[in-house]
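The values are calculated or read from the model by the stated rules, or taken from the named source; none is laboratory data. The structure presented is a predicted model; accordingly, all values stated were derived computationally and were not measured. Cβ placement follows ideal geometry from the backbone for every residue including glycine, while neighbour counts extend to all protein chains displayed. Quick note on the areas: whole protein, heavy atoms, side chains included, nothing else; ligands and nucleic acids left out. Shrake-Rupley method; radii C 1.70, N 1.55, O 1.52, S 1.80 Å.
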Amino acid sequence: MNRFLILITASLLFNCIYAVGQNTYYISSDGNDSFAGTKGKPWKTLQKLANVKLRNNDKVLLKRGDTFTGPLLIQANNIIVDAYGQGAKPVISGEQNVQGNWRLVKDNVWEITSSGKKLAEINALYKNNISQSLSRYPNADVNNGYLNFESSEGISRFTDKELNEKINWTGAEVVIRAELFRLVRTDVSRHSGNSIEILPNKAIARFRDGFGYFFVNDIRAIDQEGEWAYDKKSGKLYVYSTMDPNKDTYSIPATDTLISISNAKNVQLNNLKISVSGKLGVSVNRSSGVELNGLEVTRSAGDGIIFNAAENSTLRNSVIADANWSGVFSTRSSNNIVFDNNVVRNIGNAAYGKSKTFIGIDCNSSESKIINNRVINTGYAGVICCGQNNLVKRNVIDSVCRILEDMGGIYTNNNINNTTGTIIEENIVTNSSCVQGGGFSQHNLSNGIYLDNRSQGVTVRNNTVAFVDGSGIFVHSTLQNNKIYDNTSYQSGYSEFYITNPDTVPRYDVKRNLLVANNPGEHIVLQIGKTAKYSFEEIGVFQDNHIVDPFYSGIIKVNYRDGVSTQLKRFSVEDWEKAAGPFAKGNKVSAVKYKPGEARDAIVFLYNTEKNKRQFSLPKGRYVDVNKTEYSGKVSIDPYRSLVLFKMI
């Protein structure tokens, strides 16, 4: 056989092998699993795919407007799952109707024992497709939903003087505020008098006396319309209803994970809605080149999407909403994950207390990008970014830290993963504000941008932070090479910029930031604390910043070493520069001064969360910015930028 013939034979053989599995399967709710799976003769269920077993290069098309029961497992390469036809995105659902008859057991409390297999747990209940509240005592509108204990013994017993045995909570589940940043759900082993004993739980390192707790998922806590509980021992489901629940449709998530991509390469999921999972919407595990595009991942009783040991993968143009735990998570073992142009909203439910969760986008992978996302209404962080050479850019983050605090809209932590090379730029963070309950601190710790726990090599530039209860920019226990440039921090509850307790000689590099307080009361705009062993030189360089409070002058507070003595002083900007010498220079004060009694609306704060330049109309009058440039009528603001103006009175 000549060489030319050998090459032709080899080529034909390769093409035959490659062609194996190049099938396109159509699935429609009006199909039949005995059909061929073609467009004219579609299959009916995802179970048929499981029976056939997907092979490399297969394509699966789900009919728009239809709903299919999960799960879907993908363990082959070059798989595409997409939609066909017209209408709404096809739905992959884990929802299952509760079967059987409801029976009244006490005033407005009904029970049902499912005729199917007894479930280990139920993490959500829907009535006519509307989510119902897990039973809770006290209710969320009483003391913000918490009881409080005054004292504790070890990590297994606490005492609440106001608690009695009118209701004995032995055997119930309890959610404990173990830290400002942690809720833990565990079991009550014994209730005696005003003391509660719990089973050992590794997530509880200590009790903080004065902190809070509440009971959940128990018939004893059911007292409001729609509240429910599931007893996993008996398999009984309870619900509070003033009407006969047999006239309604109740459903639960019956599938833990709806889509699993495992040990696969180059998989695409496009234009799908993934809804009502028991624990997880989409799992990407030990896979690479995975593209998730145009997904709606909603109503997960656990997390939305997890990338574990994944690489070179993307999540784009998707919505992740209404998750009990967190929205999106990439593990430290993952690499090069891109989160682009997604909406993550309504994340976290206190009744499903889980250690350090309720996060919008939790990126622990390196070489990753979090860009152009909107993260709205989360129980804990908006975005966590812990990994080398990561980029967090042009995200809009609003209403975060609603359940837990000691956190921020954007957060880094070198103890989770090395933060060197991380860039945080052109983001807008607003309304970081914890609903107080179950915990307390000297001041609110719901921050805007938060560098924590030995963060190093992080650049924070051109961001806008406003209306946070804690500090706009909070830098805590960090290492070196952190740069804070050209940011705007406006109207924070505690400080616009707070540096505290560095883990080494910090040498911060802080330049050209705009820090503005709009508070007629006395307020610290820039605070540098727990730095008593460091000189001004060791603390770092603060240059060309605008440190502005139009009502007061003593707006800087610094803890520093002056020779052999320790100082904690409050300064005006001018006096601080005199004390710090070359390490604080070119910093400016307010261009306009107001009396404390004058209206707060004299300051106008505008910001643009859109991708295009926007025009804003100003109130009547003449205004100036911090550089004394005058404005009136209308003003244009570039994308992801802000402007602070002061009325000339």
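Measuring from a point 7 Å past the Cα of ARG64 along Cα-to-C-beta, which residues in region 260-292 have an amide N at less than 19 Å?
269-275
Just from its helices, what would the mean residue ellipticity at 222 nm be for the chain, if runs of 4 or more DSSP H residues each count -39500 (n - 2.57) and the sum is divided by every residue, rounded to the nearest 500 deg cm²/dmol?
Rounded to the nearest 500, it is -1500 deg cm²/dmol.
Pop the C-beta distance of ASN270 and VAL541 into the FRET formula with R0 = 56 Å and round what comes out to the nearest 0.05.
0.70
Step through the residues of region 197-206 one at a time and calculate ³J(HN,Hα) from phi using the Karplus curve (6.51 cos²θ - 1.76 cosθ + 1.60, θ = phi - 60°), rounding each to whole Hz and writing x for Gly and Pro.
10, 10, 6, x, 9, 5, 6, 9, 8, 6
Report the full-extension gain for the segment ARG332 to ASP141: residue separation times 0.36 nm, less the Cα-Cα distance, to one decimal in nm.
Answer, rounded to one decimal: 64.9 nm.
To the nearest 0.05, what FRET efficiency results for ASN32 and SER355 with a Förster distance of 45 Å applied to their C-beta separation?
0.45
With Cβ to Cβ distances under 12 Å as the rule, what net charge do the other residues near ASN418 carry (K, R +1; D, E -1)?
Computed value for this residue: +1.
Charges only on Cβ, +1 for Lys and Arg, -1 for Asp and Glu: so what's the dipole of the chain about the Cα centre, in debye to the nearest 20?
1420 debye
For ASN270, what charge total do you get from the other residues with a beta carbon under 9 Å from its beta carbon, if Lys and Arg give +1 and Asp and Glu give -1?
-2
Net charge around ALA124, counting only other residues with Cβ within less than 14 Å of its Cβ (Lys, Arg = +1; Asp, Glu = -1)?
That works out to -3.
Contact order normalised by length for the chain, with contacts defined as Cα pairs under 8 Å and 6 or more residues apart; what percent is it?
7 percent
At 1.4 Å probe size, with the rest of the protein present, what percent of the exposed accessible area of region 581-627 is carbon and sulfur atoms?
Percent of accessible area from carbon and sulfur atoms in region 581-627: 50.
Which far-off residues, 5 or more places away or on another chain, put their amide H under 5 Å from the one on SER366, with H placed in the peptide plane?
Hits under the 5 Å cutoff: ASN336, GLN388.
Show VAL267, VAL435, VAL541 ordered by accessible area, largest first, where the area counts protein heavy atoms only and the probe is 1.4 Å.
Result, largest first: VAL435, VAL541, VAL267.
With the other protein chains left in place, how much accessible area per residue, in square angstrom, belongs to the chain at a 1.4 angstrom probe?
Dividing the accessible area of the chain by its residue count gives 42 Å².
For region 64-117, what is the charge dipole size about the Cα centre, in debye to the nearest 20, if Lys and Arg each add +1 at the Cβ and Asp and Glu each add -1 at the Cβ?
That gives a dipole near 80 debye.
Give the accessible area for LYS511 in Å² (nearest 10); use a 1.4 Å probe, count only protein heavy atoms, and leave out ligands, DNA and RNA.
50 Å²
Could you look at region 338-390 and say what percent of its accessible area is carbon and sulfur, using a 1.4 Å probe and all protein chains?
Here it works out to 37 percent.
Heads up, I need the accessible area for ASP33: 1.4 angstrom probe, whole protein in place, Å², nearest 10.
50 Å²
With a 1.4 Å probe and every protein chain kept in, tell me what percent of the accessible surface of region 395-455 is carbon plus sulfur.
Roughly 46 percent of what the probe reaches on region 395-455 is carbon or sulfur.
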